[in-house]
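Notes for the one structure printed next.
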Amino acid sequence: GAHGSLVLFVTLFSIIITMYGGGFATLPAYLADLFGIGHVSAIHGRLLTAWSTAGILGPVLVNYIREAQIARGVPAAQAYEITMYILAGFLVVGLLCNLAVRPVTERMFEQSAARAATRPAPASVPPAATAASGAASGQWLAVAMAWTFVLVPLAWGVYNTMALARRLFTA
């Protein structure tokens, strides 16, 4: 912010935004690696609860700090500077907490033989038969329609984002 480079700001912000989806998508696998598959649902639920709580309390904290800065006489354009340092500090604390997490010992995992004995055996269907029956039933049409419902709004969102970004850079 102090450099005044809009292009640098938008570039860094875009990189940060792209990491959100990746972190969200890989979280269950990360939890399974650390704590075992049997505990993912409970831990993932708690983690999502903490994440949503931070999503509500974070902006409230930022607003209180901003209002306190303005009340102290800091110009409104600079009221977020201290907030960014505090949030960067929270990120460092989060990184340290993540580095402190260690995988659960093997003795805490369920025995795979005991789990396998309680599960029914999967039905074996040759892959060629499955593919032929899916193609014959017109499943490809349903898949194409589903992707259309995903890609059309996505393309519209990308178009609007680019149009707004163009206005931002030409203003």
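Restricted to Cα atoms, the stretch 1-66 shows a radius of gyration and a Dmax of 16.4, 49 angstrom.
Length available on full extension from I15 to I43: 0.36 nm per residue minus the Cα-Cα distance, which gives 7.3 nm.
With r defined as the distance between the Cβ atoms of I56 and A77 and R0 fixed at 30 Å, what FRET efficiency is calculated, to the nearest 0.05? Walk me through the intermediate numbers first.
Numbers: r = 26 Å, r/R0 = 0.87.
Calculated value: 0.70.
Most tightly packed first, judged by the mean number of other beta-carbon atoms within 10 Å of their residues, the peptides 69-76, 16-23 read 69-76, 16-23.
Quick note: the coordinates plus some simple rules give every number you see, no bench work behind them. Model, not experiment: these values are computed from the prediction. Cβ: placed from backbone, ideal geometry, glycine included. Neighbour counts: every protein chain shown.
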